[in-house]
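The values are calculated or read from the model by the stated rules, or taken from the named source; none is laboratory data. Nothing here was measured: the structure is a model prediction, and the numbers come from that model. As a convention, Cβ positions derive from the backbone with ideal geometry for all residues, glycine included, and neighbour counts pool all protein chains shown. We work out accessible area using only protein heavy atoms, side chains counted, and drop any ligands, DNA or RNA first. Shrake-Rupley method; radii C 1.70, N 1.55, O 1.52, S 1.80 Å.
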Amino acid sequence: MSGESEQKRKRTAAEIEADLAATREELTHTVDQLSQRVDPRRQAQEAKEKAQAGVTSFVEGLKSGDPKAIGIAGAAAAAVLAIVGLSLSRRKK
């Protein structure tokens with residue numbers, strides 16, 4: 001019954017103000033987190049860092065003789081040569 005009587009008692013102005021202050025603080029924190037997530041500069045920086053990490057990993061794979069990295073590099077080189085070859089053959093016509 002004590003829980004029931006606690007629910008029925010009126011809250012003081014100080015308690016209500018404390019609840020409002022806590023809610024305001026929580027909302028401020030949430031808005032700050034959301035604004036960081038959608039910040040274009042931050043997203044660009046994260047994408048740049050991710051790309052740099054990928055390139056570094058790929059280069060390390062090439063240096064260590066990783067067959068997958070070597071295959072990717074070979075395929076990329078073949079694609080570039082094919083594009084250059086097609087471009088040159090079209091110019092001659």
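Run the helix sum for the chain: -39,500 (n - 2.57) per DSSP H stretch of 4+ residues, divided by residue count, reported at 222 nm to the nearest 500 deg cm²/dmol.
Numbers: 4 runs with 83 residues, N = 93.
The helix-only estimate for the chain comes to -31000 deg cm²/dmol at 222 nm.
If you fit an axis through the alpha-carbon atoms of helix 67-92 and take the longest principal axis of the Cα set of the chain, what angle between them do you get, 0 to 90°, nearest 10?
Roughly 60 degrees between the two axes.
Placing +1 at every Lys and Arg Cβ and -1 at every Asp and Glu Cβ, with all other atoms neutral, what dipole size does the chain have around its Cα centre, in debye to the nearest 20? Mind showing how you got there, number by number?
Numbers: 16 positive and 13 negative charges, 242 e Å.
The dipole magnitude comes to about 1160 debye.
Determine the principal axes of the Cα atoms in the chain, then give the extent along each, sorted from largest to smallest and rounded to whole angstroms.
Computed over the Cα atoms, the extents are 91, 36, 22 Å.
Could you tell me how many degrees, from 0 to 90 and to the nearest 10, lie between the Cα long axis of helix 13-37 and the main elongation axis, the longest principal axis, of the Cα atoms of the chain?
Around 0 degrees separate the two axes.
Could you point to the residue in Gly71, Leu81, Ala14 farthest towards the positive end of the chain's charge dipole, with +1 and -1 charges on the Cβ of Lys/Arg and Asp/Glu respectively?
Projecting each Cα onto the dipole axis, the largest value belongs to Leu81.
Give me the percent of the accessible area of the chain that comes from carbon and sulfur atoms, probe 1.4 Å, all protein chains in place. Before the final figure, lay out the partial values.
Details: 5040 of 8420 Å².
Accessible surface attributable to carbon and sulfur in the chain totals 60 percent.
How far is helix 40-64 tilted, in degrees, relative to the longest principal axis of the Cα atoms in the chain, given as a value from 0 to 90 rounded to the nearest 10?
Once rounded, one gets 40 degrees.
What FRET efficiency comes out for the pair Asp66/Ala44, r = Cβ-Cβ distance, R0 = 35 Å, nearest 0.05? Please report the intermediate quantities before stating the final value.
Working: r = 29 Å, r/R0 = 0.83.
About 0.75, to the nearest 0.05.
Suppose R0 equals 25 Å; then what is the FRET efficiency for Leu88 and Val59 from their Cβ-Cβ distance, rounded to the nearest 0.05? Don't skip to the answer; put the middle values down first.
Numbers: r = 29 Å, r/R0 = 1.18.
Step by step, r from the Cβ atoms, then E = 0.25.
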